[in-house]
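A short worksheet on the structure shown next.
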Amino acid sequence: MTTVLVTGGAGFIGSHTCVDLLEHDYEVVVVDNYSNSSPAALDRVQKIAGRPLIAYETDLRDRHGLDRVFADHPIDSVIHFAGKKAVGESMQIPLDYYDVNLGGTASLLRVMVEHGVHDLVFSSSCSIYGEADAKPLTEADPARPTNPYARSKWICEQVIGDACRRYPQMHAIALRYFNPIGAHPSGFLGEDPLGVPNNIVPYLLQVAVGRLEQLSVFGGDYDTPDGTAIRDYIHVLDVVEGHRVAMERLHDAPGLRVVNLGTGVGTSVLQLVARLSEAVGRDLPFRIVDRRPGDVPALIADPARANATWGWRARRDLSDMCRDAWRFQSLNMAGYAG
Ligand code: UD1
């Protein structure tokens, strides 16, 4: 049995990854401080997968707590999701972002090395590309992060790279994902942020169930066909499959590798609102307001490397994403608490 430690395993992508790992016969150990998630997600993970996992309420910066987890389990690989992830918030509280994202990653790497664990898949972000041209982005494009969240992810990649140089037995892959949305098709697991959502799809879903009045579309004057910002939305299950493949292929090459996970398809905010409205069955209200500080006009992946290296490609389209996201929301009106 291979044991995988999933940090941030109760979060949106982490919880879906846990289901997938359990379904593929991995033993799963979760570490989460539940700062933007709840243990209820892990109950659902275990129900869907029909197998148990082990969870610790621990902050990654708590080295002693983390040390206990590694001492108690024969961990083979780590998938590291835990971190803060809201662009706007990161402009308000940048030091918290560096404290949590960098501090957590450095602490995790240190404890991994101390326990002889050398396999790491890291949750990175397309936001690293920042102020990019409208063309699909390859991993060779330069990093130009525009906000502390993105910068924290970029620095984490470099910290992991430094660890790999110092410890040659280490294998790491940073997956730069574009905009993961959607939910588990069971309708039982999805994205359930605490408080008012920062990200567009959870926000729109709360508009759809009447918990929020209308979407504020951040910026209608971008240099894009309809004036709203373009993103490469990808189904969370495609992202999850990318993690499993990456983990299974860690030993193909030494050191740190960087791989995009995206669809290669760009969707504007207004196109997304229209598609989600179709899934919900009524027009979701919105108004156009000022741009959000730190946002960029367009981010679209060139996913060729993941495809050429692993045969991975995103298999689900925007309709699948909207349908599954709405199924989760409509079956869980008040999220996991409901
Ligand atoms: C950001 C990161 C991305 C990361 C994700 C994690 C950037 C550029 N991207 O995505 O790497 O994976 O956070 O959560 O740093 N929007 C509205 N109204 C809203 C909310 C969003 O119009 O209420 C618009 C945004 O301006 C943006 C799009 O919707 O154009 C998507 O926004 P969001 O879901 O917050 O994700 P990103 O900021 O693109």
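Taking V269 as the residue in question, decide whether it is surrounded by fewer than 23 Cβ atoms within 10 Å (Cβ to Cβ), more than 23 Å from K153 (Cα to Cα), in contact with a strand residue (DSSP E or B) (Cβ under 9 Å, 6 or more places away or on another chain) and of a type in the set (A, V, I, L, M). It is false that V269 is surrounded by fewer than 23 Cβ atoms within 10 Å (Cβ to Cβ), more than 23 Å from K153 (Cα to Cα), in contact with a strand residue (DSSP E or B) (Cβ under 9 Å, 6 or more places away or on another chain) and of a type in the set (A, V, I, L, M).
Residue under question is R61, and the condition is that it be open to solvent by 70 Å² or more (accessible area, probe 1.4 Å) and in contact with a Gly (Cβ under 9 Å, 6 or more places away or on another chain); does it hold? Against the criterion (open to solvent by 70 Å² or more (accessible area, probe 1.4 Å) and in contact with a Gly (Cβ under 9 Å, 6 or more places away or on another chain)), R61 qualifies.
Of all residues being free of Cβ contacts under 8 Å to residues at least 40 places away in the same chain and crowded, with 21+ Cβ neighbours inside 10 Å in the stretch 27-57, which is farthest from S107 (Cα to Cα)? Just the residue, please. This residue is L42. For the stretch 64-79, the set of residues classified as among the small types (G, A, S), assigned to a helix (DSSP H, G or I) and open to solvent by less than 20 Å² (accessible area, probe 1.4 Å) consists of G65 only. If the condition is being within 14 Å of the ligand (Cβ to nearest atom), farther than 24 Å from D62 by Cβ and not in a helix (DSSP H, G or I), then the stretch 106-140 contributes S125, G130, E131, A132, A134, L137. Total residues in the stretch 170-206 satisfying the condition of being within 30 Å of G255 (Cβ to Cβ) and not aliphatic (A, V, I, L, M): the figure is 6. Per the conditions (1) free of Cβ contacts under 8 Å to residues at least 40 places away in the same chain; (2) within 27 Å of H118 (Cβ to Cβ), the sole criterion not satisfied by Y177 is (1). Contact map, the stretch 136-161: residues that are under 24 Å from Q92 (Cβ atoms) paired with residues that are surrounded by fewer than 22 Cβ atoms within 10 Å (Cβ to Cβ) and among the hydroxyl-bearing types (S, T, Y), Cβ distance under 8 Å, separation 6+ or inter-chain. Pairs shown: P148/Y98; S152/Y98; I155/Y98. Inside the stretch 80-97, residues that are under 19 Å from N33 (Cα atoms), open to solvent by 60 Å² or more (accessible area, probe 1.4 Å) and either in a helix (DSSP H, G or I) or away from the ligand (no atom under 16 Å from the Cβ) (or both) make up a count of 3. Residues in the stretch 144-158 that are within 15 Å of the ligand (Cβ to nearest atom) and surrounded by fewer than 16 Cβ atoms within 10 Å (Cβ to Cβ): 1 in all.
Which count do you get for residues in the stretch 8-26 that are β-branched (V, I, T) and surrounded by fewer than 19 Cβ atoms within 10 Å (Cβ to Cβ)?
The number of residues fulfilling the criteria is 0.
The values are calculated or read from the model by the stated rules, or taken from the named source; none is laboratory data. Because the structure is a prediction, the values reported are computed rather than measured. Note that we place each Cβ from the backbone using ideal geometry, even for glycine, and neighbour counts take in every protein chain shown. In case anyone asks, the SASA skips ligands and DNA or RNA and just uses the protein heavy atoms, side chains included. Shrake-Rupley method; radii C 1.70, N 1.55, O 1.52, S 1.80 Å.
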